[in-house]
Amino acid sequence: MDSQKIALVTGAGSGIGRAVALALCGAGYAVALAGRRKDALDATAAAGNGGTFLAVPTDVTDPASVKALFEAVKARFGRLDVLFNNAGTGARAVPMYELSYNEWKKVVDTNLTGPFLCTQEAMRIMKDQSPRGGRIINNGSISAHAPRPYSAPYTSTKHAITGLTKSTSLDGRAYDIACGQIDIGNADTEMAQRMKAGVPQANLSIEIEPVMDPKHVADAVVYMAGLPLDANVQFMTVMATKMPFVGRG
């Protein structure tokens, strides 16, 4: 156990989070699983073929819940090498003037405040442990670059994640803490099922969009996580090749 790397994945009960957690396990990591639903976390652990997991039901919007998560990880494993800030949510696909304050706040609390709180706690562990340092990887999304129609809360938070990534990279330098961001486009998860039915485009036409196997995202995160701390993937985009992003659609 002393030589085993320790990773923590938020939003680990489904989708990208589950795929990344299992890929990290396959690469030899012990993996702490964070998410709202214990049954979903347990299902991820059960799919890990006997790997080392710690499932901690967590609400990333609650500072006390986040603090308890990192205390549980430190108590179980003694250190933390990798944090994947993945938990996220969206709002109704409607014009922004129709959104309620609570809908806006839910997305901001989950997608931006949650990663900030987790980053704080991870840095507190990483800067004081021996060997010192670690790596934080943020799930940015294609929406960190370009919006979809009717996506103001999600797009705003994902643009903000880029700022958090850069600030974490800078503030972490003195403590050998690296931070990078993976921007994901149309991974074939539960959240992306609507892409197969057709989603609004910039001209408000409805088009079916290509998707990709989330395994490719998981493999990319494992690569980013496995670099020595003197090297970093600052930003990486992994997307379905033919999705409308590059160019004008």
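Annotations for the structure displayed:
- M123, M243 arranged by Cβ crowding within 10 Å, fewest neighbours leading: M243, M123
- Counted by neighbouring Cβ atoms within 10 Å, the residues L24, L117, L99 run from fewest to most as L99, L117, L24.
- Calculated from the alpha-carbon coordinates, segment 129-224 shows an Rg and a Dmax of 16.2, 55 Å respectively.
- Residue pairs, from the table K67/K106; K67/K215; K74/K106, whose Cα atoms sit over 23 Å apart: K67/K215; K74/K106
- Compactness index (Cα Rg / 2.2 N^0.38 Å), segment 89-140: 1.61
- Toward the positive end of the charge dipole of segment 8-138, with +1 on the Cβ of Lys and Arg and -1 on the Cβ of Asp and Glu, the farthest Cα among L33, G51, M126 is that of M126.
- What you get for the chain, charging only the Cβ of Lys and Arg (+1) and of Asp and Glu (-1), is a dipole of about 140 debye around the Cα centre.
- Restricting the calculation to Cα atoms, every distinct pair contributes to the Kirkwood radius of the chain, found to be 18.2 Å.
- The value given for segment 1-50 is a Kirkwood hydrodynamic radius of 10.6 Å, derived from the mean inverse Cα-Cα separation.
- Model label points for D213 and A197, set 7 angstrom from Cα along the Cα-to-Cβ axis, are 2.6 nm apart.
- Our analysis of segment 20-149 gives Rg over Rh at 1.01, with the two radii drawn from alpha carbon positions and Rh computed by the Kirkwood formula.
- Compactness ratio for segment 4-91: Cα radius of gyration over 2.2 N^0.38 Å (N = residue count) comes to 0.97.
None of the figures in this text is laboratory data; all of them are computed from the coordinates on show. Since the structure is predicted, the reported quantities are computational estimates derived from the model, not experimental observations. When we count neighbours, we look across all protein chains shown, and the Cβ atoms used for this are built from the backbone with ideal geometry, even at glycine.
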